[in-house]
1. For Asp162 and Ala20, FRET efficiency with R0 = 30 Å and r from the beta-carbon atoms, rounded to 0.05?
2. In the chain, with Lys and Arg counted as +1 and Asp and Glu as -1 at Cβ, which of these residues, Leu52, Ala84, Ala31, has the Cα nearest the positive end of the dipole, that is, farthest along it?
3. Which whole-number value in Å³ per residue fits the convex hull of the alpha carbons of region 65-113?
4. Which three semi-axes in whole Å describe the equivalent ellipsoid of region 45-128, each the square root of 5 times a Cα gyration tensor eigenvalue, listed largest first?
5. Bin all alpha-carbon pair distances of region 2-62 at 10 Å intervals from 0 and give each bin's fraction as a whole percent.
6. Would you please give the residues with an amide H less than 5 Å from that of Ala60, counting only those at least 5 places away or on a separate chain, with H modeled from the backbone geometry?
7. Using unit Cβ charges (K, R positive; D, E negative) and no other charged atoms, how large, in debye to the nearest 20, is the dipole of the chain about its Cα centre?
8. How many percent of Cα pairs in region 62-180 exceed 26 Å?
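Every number in this text was worked out from the coordinates using simple rules, so none of it is lab data. Since this is a predicted model, take the numbers as computed values, not measurements. Positions of Cβ are backbone-derived with ideal geometry, glycine not excepted, and every protein chain shown enters the neighbour counts.
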Amino acid sequence: MATSVYERIRDAIVTGRFEAGRVLSENALAADFGTSRTPVREALHRLEIERLVERGPRGAIVRATSPEEILDIYEVRITLEGSAARSAAKHATDLDLARLRARQDAMRGLEGADARAAANRAFHAALWEASHSPTLIDLLDRLHVHLQRYPTTTLDWPGRWDEVIREHDELLDAISRHDGDAARDIAERHMTGAREVRLQMYADAAPPRP
């Protein structure tokens with residue numbers, strides 16, 4: 001029950017149904033989910049550790065994100081994605097490679113931001129699993145949750161989708177050849193490209209200086 005409550009609250013935060021600054025009342029959440037306050041309290045504590053929730057004067061509230069925090073997450077993810085790719089090149093099984101190829105093939109020809117974002121997430125999840133490193137998988141999943149809260153995707157940027165497909169092909173080739181150094185370098189370049197697009201998106205959205 002505690003896990004279910006945690007997943008439901010986390011999903012509501014990630015999808016924006018629980019907006020930044022919203023007070024999360026234990027009593028109200030317990031009533032909504034038809035449970036006692038104990039699993040709600042446990043869920044909120046877990047979400048506080050994950051920095052999705054923080055303590056305020058009136059109790060737990062949904063944390064706001066900032067451009068600086070998002071860019072910091074990209075910096076960390078660049079390194080972790082590189083490590084996952086390098087590990088995948090060393091440890092990926094034939095089944096892992098088949099899953100990666102299937103996820104990559106599913107991305108080709110997709111239209112629409114939501115479909116592309118979901119397919120891209122599925123490919124990276126398969127890459128993390130192919131690393132066979134539970135620690136890397138956990139850390140990358142936590143980072144991705146924070147990025148999901150941002151309402152726009154870098155995949156909408158002109159030319160970015162074609163670049164993503166090409167870089168995934170290069171990454172798959174390196175992993176298939178068990179070239180860990182090449183896989184790491186490609187993955188780091190791939191995520192650096194996403195960060196640079198995000199920076200440009202922030203710059204374009206900024207109000208003009210007086």
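1. On the way: r = 33 Å, r/R0 = 1.11.
For R0 = 30 Å, the calculated efficiency reads 0.35.
2. Going by the Cα projections, it comes out as Ala31.
3. It comes to 103 Å³ per residue, whole-number rounded.
4. Values: eigenvalues 207, 61, 32 Å².
Semi-axes from the Cα gyration tensor: 32, 17, 13 Å.
5. That works out to 25, 64, 11, in percent per bin.
6. Residues meeting the criterion, in which the H sits 1.01 Å from N, are Leu24.
7. Details: 30 positive and 35 negative charges, 136 e Å.
Its charge dipole is roughly 660 debye.
8. Details: 1306 of 7021 pairs.
The answer is 19 percent, as a whole percent.
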